[in-house]
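This report concerns only the one structure given below.
The values are calculated or read from the model by the stated rules, or taken from the named source; none is laboratory data. This structure is a prediction, so every number in the text was calculated from the model and none was measured. Cβ atoms come from the backbone with ideal geometry, glycine included; neighbour counts cover every protein chain shown. The accessibility values were calculated without ligands, DNA or RNA, using every heavy atom of the protein model including side chains. Shrake-Rupley method; radii C 1.70, N 1.55, O 1.52, S 1.80 Å.
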Amino acid sequence: MTRAFLIVLDSVGIGGAPDADRFASGGVPDSGANTVGHIIRDRGLSTPTLDALGLRAALALANNQPWDGPAPQGLWAAATETSSGKDTPSGHWELAGVPVPWDWHSFPDTHPAFPPDLSARIARLAGTEGILGDCHASGTEIIDRLGAEHLRTGWPIAYTSVDSVVQIAAHEEAFGLDRLITLCEALAPSVHAMRVGRVIARPFTGTEGAFHRTPNRRDFAIAPPADTILDLAQAAGRTTHAIGKIGDIFSHRGITRLHKGKSDADLADHLIRLGREAEPGSLTFANFVEFDSLYGHRRDVAGYGAALEWFDGVAARFLATLGPGDLAIFTADHGNDPTWSGTDHTRERVPVLGWGTPPHAAGLIAYADVGATVAAHLGIPAPAHGRNVLP
């Protein structure tokens, strides 16, 4: 029985979104944003495994450019999102066959950004007299700016972005990791009722001038509005494995086994082990490398490129574990061009690179086609949206 592996490289966009002008970062429209293309332009990029599957061919396709390089060895395409966001839940849900049927609520880029009743609720749940931040911010910048005040006052740091999100940062030791997680979990239902996609707990440690975020992030996301490929696979009696943030993104629905780690190396170990050991007929769904949080939002071109090259080596080791009948698809949920204005995600097409099929140019496809293709390979009911693009 065949197996399927769907690996989402967080924020690895390839430009060319036809509606990019409707979205902006730092006040600049996303028209022309191109995460992979601009890393290649400004730094260079050595990703032979992903290139062999069609990364650079997909990059050319996404931007309506000719491709005269080597023919890709697998299925390759460029996917376009229909959901009206450039955020993690929208991208992942649509890849899993469920476009978002509503417009997310986001908060204005003002100070304060949150309505008074929401700020008061955060403080009440935290047991404090108030909150810090209450604005749009980069997560690393705001802990550098407000971390010392947080230690003095004990107040949580609450912030947002152009995405539909409330993020709460607090010091793991001084505030308490369990206390932060409990606060975010308790806040989530009221925020979800506003059509805000996620509440994210952002723990950090360190002292003034040397604060750093820890791997103990937790996302509390609104549940998908329909059955995703995870739900459909589990209902069909298949084992489903979730690696990294997938459990949080899908509200832990449709997941048989959750595999988390303290580092990208841990997640790589899980992926390679499941390549060897995952059950026949199973679905493994992975979110890999915090490219956006670590490099994209920080506009770190060199770091982003190095992380992509590291993952390319992981991909080679993983693919070596697969056998006949297996399908592996590498894709992304949105862009985060490290050369762009501001610190936000960027609206872009994403690559779709498949191993385990004859060479096949699937062309310009929809995000939801990825989920439909995985379902067809596994022989399970298809999600409500998307079409199978297997040759």
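Just give me the residues in the range 180-192 being surrounded by fewer than 20 Cβ atoms within 10 Å (Cβ to Cβ) and farther than 9 Å from residue 222 by Cα, in sequence order.
Matches in the range 180-192: 181, 182, 185, 186, 190.
Is there a residue in the range 27-38 that is more than 19 Å from the chain's Cα centre (by Cα), in contact (Cβ under 8 Å) with a residue 40 or more places away in the chain and open to solvent by less than 30 Å² (accessible area, probe 1.4 Å)?
Yes, that holds for at least one residue.
Can you say whether residue 342 is open to solvent by 10 Å² or more (accessible area, probe 1.4 Å), in contact with a Gly (Cβ under 8 Å, 6 or more places away or on another chain) and either within 20 Å of residue 96 (Cβ to Cβ) or not small (Gly, Ala, Ser) (or both), as far as the supplied structure shows?
Against the criterion (open to solvent by 10 Å² or more (accessible area, probe 1.4 Å), in contact with a Gly (Cβ under 8 Å, 6 or more places away or on another chain) and either within 20 Å of residue 96 (Cβ to Cβ) or not small (Gly, Ala, Ser) (or both)), residue 342 does not qualify.
Show the residue pairs that are 6+ apart or on different chains and have beta-carbon atoms under 6 Å apart, the first residue being within the range 366-391 and among the aromatic types (Phe, Trp, Tyr), the second being assigned to a helix (DSSP H, G or I).
367/94; 367/95
State all residues of the range 245-263 that are surrounded by fewer than 21 Cβ atoms within 10 Å (Cβ to Cβ), of a type in the set (D, E, K, R) and in contact with a His (Cβ under 9 Å, 6 or more places away or on another chain); if no residue qualifies, say none.
257, 260 - these are the residues of the range 245-263 that are surrounded by fewer than 21 Cβ atoms within 10 Å (Cβ to Cβ), of a type in the set (D, E, K, R) and in contact with a His (Cβ under 9 Å, 6 or more places away or on another chain).
Considering only residues that are touching a residue at least 24 places away in the same chain (Cβ under 8 Å) and under 22 Å from residue 216 (Cα atoms), which ones fall in the range 262-280?
Within the range 262-280, 262, 263, 264, 267, 268, 270, 271 qualify.
For the range 241-271, give me the residue count where each residue is part of a helix (DSSP H, G or I), charged (D, E, K, R) and over 15 Å from the mean Cα position of the chain (by Cα).
Summing the residues that are part of a helix (DSSP H, G or I), charged (D, E, K, R) and over 15 Å from the mean Cα position of the chain (by Cα) in the range 241-271 gives 2.
Considering only residues that are more than 30 Å from the chain's Cα centre (by Cα) and of a type in the set (Ser, Thr, Tyr), which ones fall in the range 139-155?
The answer is 153, and nothing else.
Could you figure out which of (1) crowded, with 22+ Cβ neighbours inside 10 Å; (2) of a type outside the set (Ser, Thr, Tyr); (3) not in a loop (DSSP other than H, G, I, E, B) isn't true of residue 152?
Going through the list (1) crowded, with 22+ Cβ neighbours inside 10 Å; (2) of a type outside the set (Ser, Thr, Tyr); (3) not in a loop (DSSP other than H, G, I, E, B), residue 152 breaks only (1).
Conditions (1) touching a strand residue (DSSP E or B) at 6+ places or on another chain (Cβ under 8 Å); (2) modelled with pLDDT of 95 or more; (3) among the aromatic types (Phe, Trp, Tyr), marked per residue:
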position: 7; (1), (2), (3): yes, yes, no
position: 21; (1), (2), (3): yes, yes, no
position: 25; (1), (2), (3): yes, no, no
position: 41; (1), (2), (3): no, yes, no
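So in the range 281-302, with the set limited to residues that are touching a residue at least 24 places away in the same chain (Cβ under 8 Å) and assigned to a helix (DSSP H, G or I), which one is surrounded by the most Cβ atoms within 10 Å (Cβ to Cβ)?
Of everything passing the filter in the range 281-302, 296 is surrounded by the most Cβ atoms within 10 Å (Cβ to Cβ).
Condition first: in contact with a Phe, Trp or Tyr (Cβ under 7 Å, 6 or more places away or on another chain), of a type outside the set (Val, Ile, Thr) and open to solvent by 10 Å² or more (accessible area, probe 1.4 Å). Now tell me which residues in the range 264-280 satisfy that.
267
In the range 155-174, what residues are under 14 Å from residue 216 (Cα atoms) and either assigned to a strand (DSSP E or B) or not charged (D, E, K, R) (or both)?
Correct list: 167, 168, 169, 170, 171.
Picking from 177, 146, which residue would you name as being open to solvent by less than 20 Å² (accessible area, probe 1.4 Å) and either without any contact (Cβ under 8 Å) to a residue 40 or more places away in the chain or under 19 Å from residue 113 (Cα atoms) (or both)?
Matching residue, one of 177, 146: 146.
Within the group 117, 109, 68, which residue is charged (D, E, K, R), part of a loop (DSSP other than H, G, I, E, B), free of Cβ contacts under 8 Å to residues at least 12 places away in the same chain and more than 28 Å from residue 6 (Cβ to Cβ)?
68
Within the range 228-239, is even one residue in a strand (DSSP E or B), at pLDDT 95 or above and of a type in the set (Val, Ile, Thr)?
No, the conditions are met nowhere in the range 228-239.
Hey, can you tell me all the residues within the range 120-143 that are under 23 Å from residue 88 (Cβ atoms), open to solvent by less than 70 Å² (accessible area, probe 1.4 Å) and not in a strand (DSSP E or B)?
Those that are under 23 Å from residue 88 (Cβ atoms), open to solvent by less than 70 Å² (accessible area, probe 1.4 Å) and not in a strand (DSSP E or B): 122, 137, 138, 139, 140, 142, 143.
Among the listed residues 14, 7, identify the single one that is in a strand (DSSP E or B) and touching a residue at least 24 places away in the same chain (Cβ under 8 Å).
Of the residues listed, the single one that is in a strand (DSSP E or B) and touching a residue at least 24 places away in the same chain (Cβ under 8 Å) is 7.
Please verify whether the range 196-214 includes one or more residues that are farther than 25 Å from residue 140 by Cβ, of a type in the set (S, T, N, Q) and in a loop (DSSP other than H, G, I, E, B).
no
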